[in-house]
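First the structure, in the form of structure tokens, and then the observations on it.
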Amino acid sequence: MSTYQLDITKEHCPMTFVKTKIQLSKLQPGDLLEVFLTEGEPLNNVPRSSKEQGYNVLEVSHVEGNIHKVLIQK
Amino acid sequence: MGNIDLTTLNQPVNQKKLSLICFSGDFDKLVATFTLATGAAAVGYEVNIFFTFWGLDAIKTKQGRSFVGKGFLGKLFGFFMGGLKSAPVSRLNFLGLSPKIFRYLMRSKNVATLEELVEAAKALEVNMYACEMAMHILGLEKSDFIHEVKGVLGVTTFLELSEGGRTLFICSNCQSDFSTG
């Protein structure tokens with residue numbers, strides 16, 4: 001099991017979840033992905049869409065300022 | 001009950017599916033097409049894009065101006081229609097300057113460019129199809145398109161593919177425009 005990181009703090013619709021989905025598709029089952037994202041649409045959308053896609057959202061935590069981290073397990 | 005196909009009955013009724021008919025080769029409308037396509041594919045939609053007429057410019061292998069097509073008129077149209085990198089914007093094209101400005105603005109504001117959206121669509125396995133009739137008029141062949149184009153279709157096959165989902169038509173401007181730059 002490996003842990004990967006993805007920074008989408010500078011991305012906008014639709015690439016926030018598009019990049020998350022592409023990265024998740026490259027992982028092995030059980031791998032973890034830490035996604036760094038900003039408040040608003042990315043923070044609302046990425047955890048929700050990840051759950052809908054069947055991934056486990058293990059944690060959503062505040063990092064600093066308007067940046068949050070979402071921990072997703074494939 | 002007669003002969004009911006149980007395999008069909010067991011398929012999910014509300015399978016999420018989005019089918020786009022891309023009639024436009026305009027930069028802004030291609031951005032809209034690929035934004036919808038990638039966004040939908042990322043959240044689990046089956047996505048089909050049916051490229052027809054001007055929309056075929058988006059999937060040509062040669063992305064700039066090139067004499068692609070059969071016959072004198074086909075080659076001439078192929079040249080003026082161009083490809084992804086020579087797509088004009090639908091308004092205020094300014095002889096081809098505006099798409100360059102838009103690309104600059106999108107890069108500087110970290111918004112995915114048209115080329116990035118197309119690459120994402122390929123990575124997300126969006127189904128891309130070319131219109132057989134429009135290809136015939138313009139003298140284009142499947143080999144003129146990127147290899148991700150899954151097939152050449154007519155309208156009836158597209159209707160079968162889009163059955164049970166949502167379909168959107170991305171249209172072109174109805175203006176006489178020779179200022180494609």
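The values are calculated or read from the model by the stated rules, or taken from the named source; none is laboratory data. Treat the numbers as computed from the prediction; the structure is a model and nothing was measured. Neighbour counts run over all protein chains shown; Cβ positions are idealised from the backbone, glycine included.
Annotations for the structure displayed:
- Residue among A:26, A:21, A:69, A:10 that is within 11 Å of chain B (Cβ to nearest Cβ), over 20 Å from residue B:40 (Cα atoms) and of a type outside the set (S, T, N, Q): A:10
- Members of the range B:71-113 that are among the hydroxyl-bearing types (Ser, Thr, Tyr) and within 14 Å of chain A (Cβ to nearest Cβ): B:108, B:113
- Applying the condition of being charged (D, E, K, R) and within 15 Å of residue A:63 (Cα to Cα) to the range A:29-46 and asking which residue is nearest to the chain's Cα centre (by Cα) yields A:34.
- Some residue of the range B:40-56 being touching an Asp or Glu at 6+ places or on another chain (Cβ under 7 Å) and over 30 Å from residue A:23 (Cβ atoms): no
- Among the residues listed as B:105, B:95, B:76, the single one being aliphatic (A, V, I, L, M), farther than 30 Å from residue A:12 by Cα and in a helix (DSSP H, G or I): B:76
- Single match in B:29, B:85 (criterion: among the basic types (Lys, Arg), assigned to a helix (DSSP H, G or I) and buried (at least 22 other Cβ atoms within 10 Å of the Cβ)): B:29
- When B:121, B:134 are checked against the criterion of being under 30 Å from residue A:26 (Cα atoms), small (Gly, Ala, Ser) and outside any strand (DSSP E or B), a single residue qualifies: B:121.
- Flag: residue B:68 does not match the condition of being more than 21 Å from residue B:125 (Cβ to Cβ), at pLDDT 80 or above, more than 14 Å from every other protein chain (Cβ to nearest Cβ) and not in a helix (DSSP H, G or I).
- Among residues of the range B:114-147, those that are among the acidic types (Asp, Glu) and within 12 Å of chain A (Cβ to nearest Cβ), counted: 3
- Contact map, the range B:23-43: residues that are on the phi < 0 side of the Ramachandran plot paired with residues that are among the charged types (D, E, K, R), Cβ distance under 7 Å, separation 6+ or inter-chain. Pairs shown: B:25/B:57; B:42/A:21; B:43/A:52.
- Scanning the range A:38-51 turns up no residue that is loosely packed, with under 13 Cβ neighbours inside 10 Å, modelled with pLDDT under 95 and either in contact with a Cys (Cβ under 8 Å, 6 or more places away or on another chain) or within 10 Å of chain B (Cβ to nearest Cβ) (or both).
- Taken over the range A:10-31, the criterion of being surrounded by fewer than 17 Cβ atoms within 10 Å (Cβ to Cβ) and either touching an Asp or Glu at 6+ places or on another chain (Cβ under 6 Å) or in contact (Cβ under 8 Å) with a residue 12 or more places away in the chain (or both) is satisfied by A:13, A:28, A:29, A:30, A:31.
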